[in-house]
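To start, the structure itself, in structure tokens.
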Amino acid sequence: MIRRLLAVLALTLSTVASAQSAVELGRDFATDDGLGRVAAFSRFEKAVAPSARASALSDLWESVEGKPEAEAVRSSVLAYLMSQPVQKMPWDARLGAHVAAAGRAKSPGLRRLSLNTFSRRGPELAKQETLTFLDDTDDNVRELALMEVSRWSDGKSVLTDYVTKHSKSTLHKGSVARARFLLGK
């Protein structure tokens, strides 16, 4: 009985400590300054063990929900992920869901960062997620997705399908022109 109570107490304390550290890291990550981000990333890597980074990034993501600094913190989280080699990139289902949610954010900047994060993971790991950006509301995001798709071994067929599907749309004028250019390379 006492052991169970101690185990629950230890778990509660570690959860509280984790939430507090997420808040502290949130202050560091709440910047759009490149040098500030590098310093925040360095502090993050010193403070959090590699095996706990995906969870810590998710905690950080969730800790700013509804706050004014949410976009800056989430942009920094995505920038951190993109700065990591694919083999060392922290990733779990929860963090992947946050990255996917950023792909549906109002901000085109967050959507581009989400696309770049999935692109960094490569088509072997994130092909379907990358393809969803071909239907984005922002033509610049669609163009970025098309450039990524053009690097794939089966990219030409995807680009051809995209041109066929959207060639008469004025909304997709820029991205269709980009797709045609990429097909001509």
Roughly what angle does helix 2-29 make with the longest principal axis of the chain, taking Cα atoms, 0 to 90 degrees, to the nearest 10?
50 degrees
Roll a 1.4 Å probe over the protein heavy atoms and report the accessible area of LYS127 in Å², nearest 10.
60 Å²
Those lysines that a straight Cα-Cα span of less than 20 Å connects to LYS127, excepting residues fewer than 8 apart in one chain
LYS88, LYS156, LYS165
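Grab the DSSP H runs of the chain that are 4 residues or longer, score each as -39,500 (n - 2.57), total them, divide by all residues and round the 222 nm result to the nearest 500 deg cm²/dmol.
Values: 10 runs with 136 residues, N = 185.
It lands at -23500 deg cm²/dmol.
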Hey, any idea what the orientation-averaged projected area of the convex hull of the chain's Cα atoms comes to, in nm²?
12.9 nm²
How much length is gained if the chain between SER55 and ALA39 is pulled fully straight, taking 0.36 nm per residue apart and subtracting their Cα-Cα distance, in nm to one decimal?
3.7 nm
Can you pull the accessible area of THR164 for me, 1.4 Å probe, Å² to the nearest 10?
100 Å²
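Rank these residues by their accessible area, most exposed first, probe 1.4 Å: ASP32, ASP154, ASP139, ASP161.
Ranked from most to least accessible, the order is ASP32, ASP161, ASP154, ASP139.
Determine the share of segment 75-185's accessible area contributed by carbon and sulfur atoms, expressed in whole percent, with a 1.4 angstrom probe.
Here carbon and sulfur together make up 54 percent of the probe-accessible area.
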Tell me, what ³J(HN,Hα) does each residue in segment 43-54 have, in order and in whole Hz, if you take phi through Karplus 6.51 cos²θ - 1.76 cosθ + 1.60 with θ = phi - 60° and put x for Gly and Pro?
4, 4, 5, 6, 7, 10, 5, x, 6, 9, 5, 4
Ordering VAL86, VAL64 by how much accessible area each has at a 1.4 Å probe, largest first, what is the list?
VAL86, VAL64
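In Å², and per residue, what accessible area does segment 24-171 have when probed at 1.4 Å with the other protein chains present?
About 52 Å² of surface per residue is accessible.
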Compute a Gaussian network model of the chain, connecting alpha carbons closer than 10 Å, and tell me which residue from SER75, SER58, SER150 fluctuates the most.
SER150
To the nearest 10 degrees, the tilt of helix 123-132 (Cα long axis) against the first principal axis of the alpha carbons of the chain is 70 degrees
For VAL73, VAL38, write out the residues from largest to smallest accessible area, computed with a 1.4 angstrom probe and no ligands counted.
VAL38, VAL73
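The values are calculated or read from the model by the stated rules, or taken from the named source; none is laboratory data. These numbers come from a predicted model, not from an experiment. What goes into the accessible areas is simple: the full protein's heavy atoms, side chains included, and nothing from ligands, DNA or RNA. Shrake-Rupley method; radii C 1.70, N 1.55, O 1.52, S 1.80 Å.
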